[in-house]
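Written out below as structure tokens is the structure these notes cover.
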Amino acid sequence: MHSLAVAEQDAPRATRRVVRDSEYPWGNTTMMNLYSGTTDPFSHRCRIVLFEKGMDFQVIDVDLFNKPEDIAVINPYNRVPVLVDRDLVLYESNIINEYIDERFPHPQLMPPDPIMRARARQLLHTFELELFSHIDVLEKNPKGADKERAHVRDQLTQLAPMFTKQKFLLGDEFSMLDVAIAPLLWRLDHYGIELPRSAAPLMKYAERIFSRQGFIDAMTPSEKVMRR
Ligand SMILES: N[C@@H](CCC(=O)N[C@@H](CS)C(=O)NCC(=O)O)C(=O)O
């Protein structure tokens, strides 16, 4: 047991090359390429999964304020994230993440049991409707987004009591649901969302995610400075 732990520690870190805009759009044809917005919460989700898995991949930084035209070629909706894995091109962060999770099953982020997996997908969908549908306004029109801020605050506050009983959203294991919500929790200050005191257990939970090596490694320099 002991020697295994040492061997894992000493193992060389996987290739996680970040391609800057100057090299764009030449992805690596032998490994997964993620076209990722440097400040985009949806791309952030996919980076977290890639880094949690610890396999080889390439992140291609996309500046959304100066978006290369090629994104529209690989994604008809002209948005990031986009994953290119040889002939496969995927968009939509949750779809990308489920694919990565199935290609590289360790550590597994979706529950193995079909019923729990269905519940997880249902909750991922609820997150999109109740929380992430407001991201566009919070990103693009922060001054006119008070209604959205209040809605997100109230939804998150309702989640808080569950973290007095469990470590993560699906129990005591980190899962895809935690991945999905983490970029929003990281951006609360950035979006000007203030949670009430009753949400303290939620913020403790958030800190648990923020201290994970995969989460730390997944952040871009612009994301690192979003939170003090
Ligand atoms: N539902 C999509 C949302 C992706 C999305 O909205 N991406 C935004 C960045 S926040 C984007 O690329 N927008 C294009 C632009 O800003 O030009 C997902 O989960 O991947």
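For this structure, a couple of remarks:
- Annotation: the residues LEU88, LEU159, LEU109, sorted from fewest to most other C-beta atoms within 10 Å of their own C-beta, follow the order LEU88, LEU159, LEU109.
- Per-pair calculated FRET efficiency, R0 = 30 Å: MET55 and GLN166 via Cβ, rounded to 0.05: 0.60
- THR126 paired with ARG208, simple spin-label distance in nm, labels 7 Å along Cα-to-beta-carbon: 1.8
- Amide hydrogen neighbours beyond the local backbone of VAL62, cut-off 5 Å, H modeled: SER36, GLY37, THR38
- Gyration tensor (alpha-carbon) shape descriptor, the chain, a/c threshold 1.5: oblate
- Order of LYS140, LYS167 under a 10 Å beta carbon neighbour criterion, fewest first: LYS140, LYS167
- Share, in percent, of DSSP beta bridges within the chain that are antiparallel, nearest 5: 45
- Cβ-Cβ FRET estimate between GLU102 and MET31, R0 fixed at 22 Å, reported to 0.05: 0.85
- Under DSSP loop assignment and at most 15 Cβ neighbours within 10 Å, longest chymotrypsin sites (Phe, Trp or Tyr not before Pro)-free interval of the chain: 78-228
- Put a dot 7 Å past the Cα of ASP70, heading toward its Cβ, do the same for ASN141, and the two dots end up 3.4 nm apart.
- Separation in nanometres of the label points that stand 7 Å from Cα toward Cβ, at THR157 and ARG86: 5.1
Quick note: the coordinates plus some simple rules give every number you see, no bench work behind them. Note that the structure is a prediction, hence the values are computed from the model and not measured. Using ideal geometry, Cβ is built from the backbone for each residue, glycine included, and neighbour counts are taken over all protein chains shown.
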